[in-house]
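Visitor: Next up is a structure, given as C-alpha cells.
The values are calculated or read from the model by the stated rules, or taken from the named source; none is laboratory data. Keep in mind the model is a prediction, meaning the values are calculated, not measured. Backbone-built Cβ (ideal geometry, glycine too); neighbour counts: all protein chains shown.
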C-alpha cells in the first residue's frame, strides 16, 4: 500500500501547504503517519515564508486521540482553527475478489475514518471561533468516489464515503458558517501513484496516462492544491457540501473508445 499526506515530496498535501503559506496563513500544522520529509518541508517553508509558524506532527490520522490532540493544541496556541484539510489516504490496487475483510476495513479506516474524525474535531473547534463560528473543512475524496472505473472497489467505496461525509456534515452544520467540501482528484502524479508513473516511463507509455480525459494527460499536485486553496478561502464562501472534481474532465462523460466520436 502507498500513502498520501503531507509527508510525500510530490504529494497534494505538500503542494497545498505551500499555497496556504504563500497566501498568508498564520500557522500550519503539517501532519502525516510518516515523518521522513516533514522536517525538510518545515525548513523549506520557514525559508520561503518566515512569518508562518510551521508545526510538523507525526501521527495516525485515523487515531481519534491524535486528531483531537492536534486540534486542541492549535486552539490553545492560536485561539482558533480556520481550515482543516483531511488528506490522508492509501490505495491497495487489489481486485475485490482478492480483498479480505481486513484489507477492506484497513483501507476504510485510513481513507474514511480519518476524514470523519477530522470533520468531527475541526467542527467542534470552529464552532468556538469568534466573533462567530466559521471555517472550511475539506476532505480528499477522488473521482473514483463519483463513478466507477477510476479505482478499485475498496478505494472507490472509501472515497464515495468521504463525499457523503462532507455533504452530510455540511447540512448538520447548517447556520454555523462552517463549510464542508470534498476535493475529487483524477490521476495525479503523487507518492501514491508514483509506481504507475514510473512503470509507464519505463515502458515509454507515459503519454497514455490520462488519455481517457478530455485534456489527454495526468495532473500534478499543484493543480489539485489550487482547488483546495479555493475551497479553503473566502473566494468559495458560497460553496458548501460539494464534491469538486479536478480530473481533467474524466468525470464529465462516460467511457468511450479512443478515436471514436464521444
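Visitor: What is the number of the single condition among (1) closer than 24 Å to residue 14 by Cβ; (2) surrounded by fewer than 14 Cβ atoms within 10 Å (Cβ to Cβ) that residue 45 does not meet?
Guide: (2)
Visitor: Which residues, counting only those in the range 103-112, are out of contact with any helix residue (DSSP H, G or I) (no Cβ under 6 Å at 6 or more places or on another chain) and either surrounded by 24 or more Cβ atoms within 10 Å (Cβ to Cβ) or within 18 Å of residue 192 (Cβ to Cβ) (or both)?
Guide: If the condition is that a residue be out of contact with any helix residue (DSSP H, G or I) (no Cβ under 6 Å at 6 or more places or on another chain) and either surrounded by 24 or more Cβ atoms within 10 Å (Cβ to Cβ) or within 18 Å of residue 192 (Cβ to Cβ) (or both), then 103, 106, 109, 110 are the ones that fit.
Visitor: Of everything in the range 177-224, what is assigned to a helix (DSSP H, G or I) and more than 18 Å from residue 93 (Cα to Cα)? Give them in sequence order.
Guide: 201, 202, 203, 206, 207, 208, 221, 222, 223, 224
Visitor: Of everything in the range 2-33 that's at pLDDT 95 or above and in a strand (DSSP E or B), which residue is surrounded by the fewest Cβ atoms within 10 Å (Cβ to Cβ)?
Guide: Here the answer is 27.
Visitor: Are any of the residues in the range 138-146 at pLDDT 95 or above, surrounded by fewer than 24 Cβ atoms within 10 Å (Cβ to Cβ) and either assigned to a strand (DSSP E or B) or out of contact with any strand residue (DSSP E or B) (no Cβ under 9 Å at 6 or more places or on another chain) (or both)?
Guide: Scanning the range 138-146, I find no residue that is at pLDDT 95 or above, surrounded by fewer than 24 Cβ atoms within 10 Å (Cβ to Cβ) and either assigned to a strand (DSSP E or B) or out of contact with any strand residue (DSSP E or B) (no Cβ under 9 Å at 6 or more places or on another chain) (or both), so the answer is no.
Visitor: For the range 205-221, indicate whether the set of residues that are loosely packed, with under 15 Cβ neighbours inside 10 Å, within 20 Å of the chain's Cα centre (by Cα) and under 19 Å from residue 9 (Cβ atoms) is non-empty.
Guide: Scanning the range 205-221 turns up at least one residue that is loosely packed, with under 15 Cβ neighbours inside 10 Å, within 20 Å of the chain's Cα centre (by Cα) and under 19 Å from residue 9 (Cβ atoms).
Visitor: Within the range 239-260, does at least one residue satisfy the condition of being buried (at least 19 other Cβ atoms within 10 Å of the Cβ) and out of contact with any strand residue (DSSP E or B) (no Cβ under 7 Å at 6 or more places or on another chain)?
Guide: Yes; the residues of the range 239-260 include at least one that is buried (at least 19 other Cβ atoms within 10 Å of the Cβ) and out of contact with any strand residue (DSSP E or B) (no Cβ under 7 Å at 6 or more places or on another chain).
Visitor: If only one of 189, 223 is touching a strand residue (DSSP E or B) at 6+ places or on another chain (Cβ under 8 Å), without any contact (Cβ under 8 Å) to a residue 40 or more places away in the chain and farther than 25 Å from residue 120 by Cβ, which one is it?
Guide: 223
Visitor: Pull up the range 64-102, narrow it to residues that are assigned to a helix (DSSP H, G or I) and either at positive phi or modelled with pLDDT under 95 (or both), then point me to the one that is surrounded by the most Cβ atoms within 10 Å (Cβ to Cβ).
Guide: Across the range 64-102, the extreme among qualifying residues is 96.
Visitor: Return yes when residue 176 is at pLDDT below 95, surrounded by fewer than 23 Cβ atoms within 10 Å (Cβ to Cβ), farther than 18 Å from residue 225 by Cα and over 18 Å from the mean Cα position of the chain (by Cα) and no when it is not.
Guide: In short, no.
Visitor: Only one of these conditions is not met by residue 60: (1) farther than 21 Å from residue 184 by Cβ; (2) within 19 Å of the chain's Cα centre (by Cα); (3) in contact (Cβ under 8 Å) with a residue 24 or more places away in the chain; (4) assigned to a helix (DSSP H, G or I). Which number is it?
Guide: Condition (4) is where residue 60 drops out.
Quick grid of which residues meet (1) surrounded by fewer than 18 Cβ atoms within 10 Å (Cβ to Cβ); (2) at pLDDT below 95:
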| residue | (1), (2) |
| --- | --- |
| 119 | no, no |
| 128 | yes, no |
| 133 | yes, no |
| 149 | yes, yes |
